[in-house]
Amino acid sequence: MFYGRENERKKLCTMFHSDGQMISLIYGRRRIGKSELIKQVLKETDIKSVYYECKQTTEQNNVDSLAELIGEAFDFPKPAFENMEDLLCFLFQKSEKEPMILVLDEYPYLRENSKGLDSVLQSVIDHYKDTSNMKLIVCGSYVDTMKALLERQNPLYGRIDLTLNLKPMDYYDSALFYPEFSEEDKVRLFSVFGGIPYYNRLIDEKKSVRENIIELIASSGARLENEVAMYLNSEISKITNANEVFEALAKGFSRYKDILDQSNVSSGPALIDILDKLMRMDVVAKEAPINDENNKKKSGYFISDNLSLFYYKYIFRNMSRMNIMDADVFYDRYIADDFETKHVPRIFERICKQYLIRRNRKGLMDEIFEKIGKYYYDDPVEKKNGEFDIVTQDDKGYIFYEAKFRKEPVTESSVQNEIRQVKQTGLECYRYGFFSRAGFTCEEGNDRILIPLSELYQ
């Protein structure tokens, strides 16, 4: 089964069935599902296609391997080409008579060993732009390399018709990979494995959440034990700095100054460099309060990739213990309690935010909001400041949301208490929203929205 990516599939199908030559660039982090997306869309079309996964070998080796696929696609003996330019010209000429799709997956591998490949590709694209019906997809996991193809100084600048930057799936699409679990357990699984299809495909529905976590990440030799380190090493040269930053973020430090103080990163510029890199890789995100977006001092960083967060919170710092302990004992001692009482409730807030965004995009909110995020406040009476984690802003004003992942239902008194605390800070809300894992013992009203966990997965 193939889950999610509806918008991306539609865009690629539209591209395939459009007239003339079209060039698409698809990129995103490893394991995000780029190749599976392309293969799925190719299954859904009857246009002749050649899908090639580039190799970290010489240009000629890649040319020979691709030539074999061309022979198979057109049902003739393997053709011979001197170089990649000859091969590309052959295919673009072929597409003048009948439309075809060419996929160059992991393009950075080919680019690395084919001198001036961007210029060669640009030359071929320009030469056949008025005559070919080629639909070319250039795909890759090295985000910086792929983004560089879109920059003004690159030969391919202005030649890309469709760009897809594949992001992690949200909680809803991720849950399609494990439909048999309860809604509570879907929250727990998402809090570990996030929106990466490859990780979610590994989840075994015959096992409990605990067993899946232990077998996949929280035991010596687990399938994903080295996944985070491998991904970081593939993109970052100074891995020590990345580890330092992740550890500080996993402990809850989010402000730039605090991260610099807590980590052993040598300097401010070095920290800025590593944070920028991690944000481009979609494992760290930066968030400013919606009521003070330009205030750098109030902006904060957080680990946005759930597996990375879980790894640095529980595995990285306890690796030596994990390697010499029974897996169940290790889980009970270093993970179980904090995971259930702190980690999952925190990720539940992200899920609730994603739920609101999903509904907003579909036009299902009573008022379409323009902003969603944290709201920063100063409380002069209590002489303190703080943040509300989920606040939306629409034409009518603000709506405050509170997410409760607790065993007990939300009561009328707890609702009134939350509303009172919000009002004390000076945040003027015209409605208040409450998410609850265990439901409610209070009634919904004109000024409040009650959202049970079940509604998030309908």
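The values are calculated or read from the model by the stated rules, or taken from the named source; none is laboratory data. Being a predicted model, the structure only gives us computed values, none of them experimental. Neighbour counts run over all protein chains shown; Cβ positions are idealised from the backbone, glycine included. In case anyone asks, the SASA skips ligands and DNA or RNA and just uses the protein heavy atoms, side chains included. Shrake-Rupley method; radii C 1.70, N 1.55, O 1.52, S 1.80 Å.
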* Structure fact -> Simple SL model, points at 7 angstrom along Cα→Cβ for L364 and D395; separation in nm is 2.2 nm
* Full-stretch length increase - A148, N61 - with 0.36 nm per residue and alpha-carbon distance subtracted -> 28.8 nm
* Around I26, which amide H atoms from residues at least 5 apart in sequence, or from another chain, sit under 5 Å from its own amide H, with H modelled in the peptide plane? -> V138, C139, G140, L164
* To do: In whole angstrom, note down how far apart the Cα centers of the range 197-267 and the range 399-433 are.
  => 33 Å
* To do: Taking all pairs of distinct Cα atoms, average 1/r, flip it, and tell me the Kirkwood hydrodynamic radius of the chain in Å to one decimal place.
  => 24.8 Å
* To do: Loop only per DSSP, at most 11 neighbouring Cβ atoms within 10 Å: give me the GluC sites (Glu not before Pro) in the range 322-372, ordered by residue number.
  => E370
* **Rel. contact order, % - alpha carbon contacts under 8 angstrom, at least six apart, the range 128-216** => 20 percent
* **Stretch gain in nm, segment D379-K167, where the contour uses 0.36 nm per residue and the Cα spacing is subtracted** => 72.6 nm
* **Selection from Q421, I324, Q354 lying farthest towards where the dipole of the chain points positive, charges on Cβ** => Q421
* Structure fact -> Here the net charge surrounding M84, from other residues whose Cβ is less than 14 Å away from its Cβ (Lys, Arg +1; Asp, Glu -1), is -4
* Which value, in debye to the nearest 20, describes the size of the charge dipole of the range 306-458 about its Cα centre when Lys and Arg Cβ atoms bear +1, Asp and Glu Cβ atoms bear -1, and nothing else is charged? -> 500 debye
* Structure fact -> Answer in debye to the nearest 20: the dipole magnitude of the range 126-233 about its Cα centre, from +1 Lys/Arg and -1 Asp/Glu charges placed on Cβ, is 300 debye
* Ignoring ligands, DNA and RNA, what percent of the accessible area of the chain is carbon or sulfur (1.4 Å)? -> 44 percent
* Cα Rg, Dmax, the range 348-458, angstrom units -> 13.7, 43
* Bins of 5 Å, starting at 0 and running to the largest distance - Cα pair percent for the range 117-159 -> 5, 20, 29, 27, 13, 5, 1
* Structure fact -> For the chain, the per residue accessible area (1.4 Å probe, Å²) is 48 Å²
* Relative contact order, percent, the range 144-291 [alpha-carbon distance under 8 Å, six or more residues apart] -> 12 percent
* Want the number for D86 to M325: 0.36 nm per residue separation, take away the alpha-carbon distance, what's left? -> 80.2 nm
* Structure fact -> Here the range 52-57 yields Karplus 3J(HN,Hα) values (6.51, -1.76, 1.60; θ = phi - 60°; whole Hz; Gly and Pro given as x) of 10, 9, 4, 10, 7, 9
* Structure fact -> Note on the chain, DSSP bridge orientation, antiparallel percent to nearest 5 equals 35 percent
* To do: For the range 91-183, build the charge dipole from Cβ charges (+1 Lys, Arg; -1 Asp, Glu) around the Cα centre, then report which of G116, Y171, I137 sits farthest towards its positive end.
  => G116
* What is the chain's relative contact order, in percent, from Cα pairs under 8 angstrom and six or more apart in sequence? -> 12 percent
* Might you report the magnitude of the Cβ-based charge dipole of the chain about its Cα centre, with Lys and Arg at +1 and Asp and Glu at -1, to the nearest 20 debye? => 640 debye
* **Whole-number D in µm² s⁻¹ for the range 280-375, Kirkwood Cα-pair radius fed into Stokes-Einstein, 4 °C, 1.567 mPa s** => 81 µm²/s
* With labels modelled as points extended 7 Å from the Cα through the Cβ direction, what inter-label distance (nm, one decimal) is found for R201 paired with K43? -> 1.1 nm
* Estimated inter-spin distance, Q424 and E444, nm [label 7 Å along Cα→Cβ] -> 2.9 nm
